[in-house]
Amino acid sequence: METNRQKLKMAVYWAASCGGCCVSVLDVHEKLFDVVAAADLLFWPIALDTKYRDVEEMPDNHLDLTLFNGAIRNSENEHLAKLLRKKSKILVAYGSCAHLGGIPGLANFTSKEEIFKRVYHESESTINPEKTLPSPVCEVKEGTITIPEFYDDVRSLSQVTDVDYFIPGCPPQTERLVEVFTAIVTGAELPPKGSVVGAGTRTQCDECIREKTENKQIKKFYRPWEIADDGITCFLEQGVICMGPATRSGCGYRCIKGNAPCRGCYGPPAGVPDPGAKMMSAVAGIIDEKEPGEISKVVADIADPAGLFYRFSLPVSLIRKKVS
Amino acid sequence: MEELRTGVYVCMCGTNIAKVVDVEAIAEFARTVPGVALAKTYKYMCSNPGQEMIVQDIREHKLNRIVVAACSPNMHERTFRSALRIAGLNQYLLEMANIREQCSWVHADTKGATEKAKALVYAAICRVKFHEELESVSVNMCPNVLIIGGGIAGMTAALELADAGNQVYLVEKNDHLGGNLARVDLTAPYLYSARDLLTERITRVMEHKKIKVFLNSTLRELKGFIGNFTASVSGVNGTGDKTAKPEVVEIGNVIVCTGYKEFDASRVVHYGYGKLPNVITSFELEKMIREGNIRTKEGKIPKYVAIIHCVGSRSQEFHSYCSRVCCMTALKYAHEIKSANPGCYISDIYIDMHAFGKGHEDFYRRSSEAKTLFLMYEKDDRPVIHKAEPKDNCEMLIEVNEKLSGEHIEIPADLVVLMVGMEAREDSHEIARLVNISQDNEGWFIESHPKLEPVATTTDGVFIAGTCVAPKDIPDTVAQARAAAARILARIAKEKIEVDALFSEVNENLCSGCRLCNTLCPFSAIEFDEIKKQSHIISALCKGCGVCVAACPSAAIKGRHFTDLQVLSQLEGLLAV
């Protein structure tokens, strides 16, 4: 990579995330040398000892590129999202959580109150006779302590601030990141704002080489461990729910290659407002029963349907969150 | 996008809407919605002056979207679409808000109903904004016709079509034409000979240059869509004659006239059919009459003949429907038996005498005068047949709780004739699957509208006629056959057929070939392109029902006029007021 070009100023941040996205950045392996040759990493909490203050002191648009991973769970996540937006020319929602709300977004099936009750009062490992709960502001004799406010629901990055691009995946395939990064560094023409980059436009089925026929008449759904997968036939035709038909291609259908059905981390293709609902109505179409009672029995075999169909996308879906 | 200029028309429907919904308030509300150029109320929007008002407004005020708040679109969507067309606006830039069936007719509270009507109208205004101009497509109409079934219906339709110069392929499962009618001697009520009715037709069909008859043959496969079907016909296993190897023919329309089969009398265990040798079915008697030899199993000329009606018909246990032809056929038997054997005593044991057709009541009167003994029984109180003792001087005794006299009567019988009803043929399910039409619970093929479309089906280009639709007599069967032929002739005359613009389509840039939609289409409109590995919708077959649109997990299928944007904006509008 050229070195005489002005080096890119870059940040990587994690909000409500597991850390996997940051690790996926490290997964560029020896290409990391190319990255650091082309970019100065000014802010990356997992790897560099930089402070929020350092970011706050930057002039606006100081950063050329920020990869923001993680969902917005609390006020700290939101503050950093808005701050990095102000400081960045290009803000990328990196990974399923920033893109769709991701796994933390499943918390939207419950509420802050219920989560606190479970975690701080009921959990088997907790002893809390005073029934203390976290409070954003706490007075102690040494002074005032503040912690971020835990929100009632989880949001995706674009639900709190303006996002330029989305790189999907849990985590995104490192190869896709390198492609996007290279495009930015080399000054290639970028796609329109708001695009999903580093992914295909069709679905997993487009790449998946498993045999697909029209024979998708299901009398019983199975969890992957309940069948002896033949490694050849479309998972759906074997009664295993695979989110592939409702999920963007781009990962190289790696889960399916590993004989596990797609879980949907790449999110929906364009034009699908609610991938969970879409996949549910698709699955409803292949149930091979006519009587309501029989249909209910087949449906009952689907373990944790909400978690299955909305595993990564609940906060951006039409239902979005539990209404108390 | 051009400036949005929506016209909103609120109909009073006389007082149907106006007495519950405050239509003026709706119009006033509509005027406040951005993009609404004008809003008007009128007594009957569907009347000529109402439509003319819309046409004039479109022209004068340059309206480019129309919302009509009135009755169900089922009722008048066509009417208002035509008004848009007349005004030079694409007819699909219309949306109807149903404030009658879904509002004024089901609510009494004016305030609440008016609020609901506002929401419905607002939803329509939000939706119509995203309507697209759509054009219908036209496809070629192949003039050849496939007719399945060589009975009176099939032959009548075949001659009608072939005489007009069109090629007809007539497929008959048996080794001869004529169907069930070929088993009949005389016909009620005028006692014409069935043979006379048939012979001339069979000869003409067999000799007609434009009719190709496939005997001992069945339809194996039907592919394609209206105007453009290909049918593959092959010989019945083992009996195939010269047409034994499958023959593929190009056709534009299909008429199914596969007829009926008679009810299996042994199912009514009660009457001892199959056990008592002289209990026979109407078709067995018909055979004896045709052979001119009405005798008991023992070879004697019967002195007492009893005819029992409604065997298998009008009973919750078997078929709940009336088979329509048995009453008159029973009277016909009384005539025929009497004329063969004037000394014979005939009892006619019935539930109700259905003599609804032309000349039937007169026929019933004449039969009564011919000293036939009529005995009425209650539906669920069937006559009981016993074997007689030697002293009784007859073969059997029948006990009847006679309904009109209220008396328990015992009558002698040497021969008992069971008037078996009609039922759907056992292979009707296979036919329905092949030509993609529906059947009711009893197995009869379903017409697309029981009153207004009696011979059309939900599959365009596939018609049904005769007793495969429901029990009926010869005149009704012939009328249906001619009706189906006439419908097809009208289409052939146009050479092209317009297909409604409301079909679904696959976006090839998005379809990944998951094949989830492939078997869902109730009209078999989806085909899979093995080369492109993508699904494709045949627009001429698609009815725009939206099943595949909902099922497509990647939103590659778009239902024209029912896009996500249109439906979701309508929902948003509905919930916003």
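How many residues does the range A:123-142 hold that are more than 13 Å from residue A:75 (Cβ to Cβ) and surrounded by 10 or more Cβ atoms within 10 Å (Cβ to Cβ)?
So the answer is 6.
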Filtering the range B:295-332 down to residues that are farther than 23 Å from residue B:270 by Cα and not in a loop (DSSP other than H, G, I, E, B) yields B:328, B:331, B:332
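Considering each residue of the range A:198-229, count those that are of a type in the set (Val, Ile, Thr), within 9 Å of chain B (Cβ to nearest Cβ) and farther than 17 Å from residue A:255 by Cβ, and give that number.
Within the range A:198-229, residues that are of a type in the set (Val, Ile, Thr), within 9 Å of chain B (Cβ to nearest Cβ) and farther than 17 Å from residue A:255 by Cβ number 2.
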Would a scan of the range B:488-508 turn up a residue that is more than 22 Å from the chain's Cα centre (by Cα) and closer than 30 Å to residue B:197 by Cα?
yes
Q. Has the range A:264-276 got at least one residue that is at pLDDT 95 or above and away from chain B (no Cβ under 14 Å)?
A. yes
Only one of A:260, A:199, A:246 is of a type outside the set (Phe, Trp, Tyr), touching a Phe, Trp or Tyr at 6+ places or on another chain (Cβ under 7 Å) and touching a residue at least 24 places away in the same chain (Cβ under 8 Å), namely A:199
Scanning the range B:522-536 for residues that are within 12 Å of another protein chain (Cβ to nearest Cβ), within 24 Å of residue B:435 (Cα to Cα) and at pLDDT 90 or above gives B:526, B:527, B:528, B:530, B:535
Among residues of the range B:165-202 being assigned to a strand (DSSP E or B) and more than 23 Å from the chain's Cα centre (by Cα), the residue farthest from residue B:143 (Cα to Cα) is B:186
The residue from B:30, B:70 that alone is more than 38 Å from the chain's Cα centre (by Cα) and surrounded by 23 or more Cβ atoms within 10 Å (Cβ to Cβ) is B:30
Reported set for the range B:548-566 where residues are at the interface with chain A (Cβ under 7 Å from one of its Cβ atoms) and in a helix (DSSP H, G or I) is B:550, B:551, B:564
Residues of the range B:567-577 being surrounded by fewer than 20 Cβ atoms within 10 Å (Cβ to Cβ) and not in a loop (DSSP other than H, G, I, E, B), in sequence order, are B:567, B:568, B:569, B:571, B:572, B:574, B:575, B:576
Picked from the range B:375-387 (must be free of Cβ contacts under 8 Å to residues at least 40 places away in the same chain and surrounded by 18 or more Cβ atoms within 10 Å (Cβ to Cβ)), the residue farthest from residue B:316 (Cα to Cα) is B:375
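Pick from B:153, B:162: which is modelled with pLDDT of 95 or more, part of a helix (DSSP H, G or I) and touching a Cys at 6+ places or on another chain (Cβ under 8 Å)?
Selected residue: B:153, the only one of B:153, B:162 that is modelled with pLDDT of 95 or more, part of a helix (DSSP H, G or I) and touching a Cys at 6+ places or on another chain (Cβ under 8 Å).
Among helices (runs of 4 or more DSSP H) lying entirely in the range A:23-118, which contain 2 or more residues that are under 18 Å from the mean Cα position of the chain (by Cα)?
Details: elements: A:31-38, A:52-56, A:75-87, A:96-100, A:112-116.
The helices (runs of 4 or more DSSP H) meeting that bar are A:75-87, A:96-100.
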Expected single match for of a type in the set (A, V, I, L, M, F, W, C), surrounded by fewer than 18 Cβ atoms within 10 Å (Cβ to Cβ), outside any loop (DSSP other than H, G, I, E, B) and away from chain B (no Cβ under 14 Å) among A:145, A:184 is A:145
When (1) assigned by TED's automatic domain parsing to the domain that holds residue B:296; (2) within 27 Å of residue B:319 (Cα to Cα); (3) within 34 Å of the chain's Cα centre (by Cα) are applied to residue B:436, the one that fails is (1)
Filter pass, residue A:241 being more than 14 Å from chain B (Cβ to nearest Cβ) and in contact (Cβ under 8 Å) with a residue 40 or more places away in the chain
no
Checked the range B:533-577 for anything touching a Lys or Arg at 6+ places or on another chain (Cβ under 8 Å), touching a residue at least 60 places away in the same chain (Cβ under 8 Å) and aliphatic (A, V, I, L, M); matches are B:567, B:577
Would it be correct to say that residue A:255 is more than 14 Å from every other protein chain (Cβ to nearest Cβ) and either touching a Phe, Trp or Tyr at 6+ places or on another chain (Cβ under 7 Å) or not polar (S, T, N, Q) (or both)?
yes
Within the range A:282-324, residues touching a Cys at 6+ places or on another chain (Cβ under 9 Å) and either surrounded by fewer than 15 Cβ atoms within 10 Å (Cβ to Cβ) or within 14 Å of chain B (Cβ to nearest Cβ) (or both) come out as A:282, A:285
Answer yes or no: is there a residue in the range B:513-521 that is under 22 Å from residue B:447 (Cβ atoms), within 14 Å of another protein chain (Cβ to nearest Cβ) and free of Cβ contacts under 8 Å to residues at least 60 places away in the same chain. yes
Sole miss for residue B:138 among (1) within 30 Å of residue B:434 (Cα to Cα); (2) over 27 Å from the mean Cα position of the chain (by Cα); (3) modelled with pLDDT under 95 is condition (2)
Of B:472, B:403, the only residue that is assigned to a loop (DSSP other than H, G, I, E, B), assigned by TED's automatic domain parsing to the domain that holds residue B:309 and touching a residue at least 24 places away in the same chain (Cβ under 8 Å) is B:403
inquiry  = Taking the criterion of being assigned to a strand (DSSP E or B) and closer than 21 Å to residue B:34 by Cα, would at least one residue in the range B:134-142 satisfy it?
reply    = no
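May I ask you to say which residue of B:60, B:101 is farther than 29 Å from residue B:497 by Cα, touching a Cys at 6+ places or on another chain (Cβ under 7 Å), free of Cβ contacts under 8 Å to residues at least 60 places away in the same chain and surrounded by fewer than 19 Cβ atoms within 10 Å (Cβ to Cβ)?
B:101
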Inset, instruction - For the range B:482-499, indicate whether the set of residues that are buried (at least 23 other Cβ atoms within 10 Å of the Cβ), outside any strand (DSSP E or B) and within 14 Å of another protein chain (Cβ to nearest Cβ) is non-empty. - result: no
The lone condition residue B:542 fails out of (1) more than 21 Å from residue A:212 (Cα to Cα); (2) facing chain A (nearest Cβ under 9 Å); (3) in a loop (DSSP other than H, G, I, E, B); (4) not aromatic (Phe, Trp, Tyr) is (2)
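The values are calculated or read from the model by the stated rules, or taken from the named source; none is laboratory data. As the structure is a computational prediction, the values presented were derived from the model and not from experiment. As a convention, Cβ positions derive from the backbone with ideal geometry for all residues, glycine included, and neighbour counts pool all protein chains shown.
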